[in-house]
Amino acid sequence: MLQDVPSQFESERLLIRCPAPGDGSTVNASVVESLTALRAFPVSLPWALAEPTIEASELFCREGHAN
C-alpha cells in the first residue's frame, strides 16, 4: 500500500529534508566543520577521511535529490 510521506519534518530547532540542488555549499561547510569528529569512525564513514570539495558536495545533493 502506498503511503504519503512528508517531504520534510520540522521542529523549533531542526529541519530534516532531502538534499536539493543548491545545497552543496551548506552541506560542504557542515561536513568540513565536523570532519574531526567524523574521522573518529573511519570504518563507518570512510568518505570523511578526505575533505570534500564544494563541487563534490553539490553533486551529492543533486544525486540525492534525483534519487
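Just give me the residues in region 1-58 being outside any loop (DSSP other than H, G, I, E, B), touching a Gly at 6+ places or on another chain (Cβ under 6 Å) and not aliphatic (A, V, I, L, M), in sequence order. Walk me through it before giving the result.
To start, the set of residues in region 1-58 that are outside any loop (DSSP other than H, G, I, E, B) comprises 8-10, 15-17, 24-38, 46-49, 54-58.
When the remaining residues are screened for being touching a Gly at 6+ places or on another chain (Cβ under 6 Å), the result is 54, 57-58.
Of everything in region 1-58, those that are outside any loop (DSSP other than H, G, I, E, B), touching a Gly at 6+ places or on another chain (Cβ under 6 Å) and not aliphatic (A, V, I, L, M) turn out to be Ser57, Glu58.
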### Task
Determine which member of the set Arg62, Arg13 is of a type in the set (Lys, Arg), out of contact with any strand residue (DSSP E or B) (no Cβ under 7 Å at 6 or more places or on another chain) and surrounded by 13 or more Cβ atoms within 10 Å (Cβ to Cβ).
Arg62
### Message
Quick check on this structure: which one of Ala56, Ala48 is without any contact (Cβ under 8 Å) to a residue 40 or more places away in the chain and touching a Lys or Arg at 6+ places or on another chain (Cβ under 6 Å)?
### Response
Ala48
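Every number here is computed from the coordinates shown, using simple stated rules; none is lab data. Since this is a predicted model, take the numbers as computed values, not measurements. Using ideal geometry, Cβ is built from the backbone for each residue, glycine included, and neighbour counts are taken over all protein chains shown.
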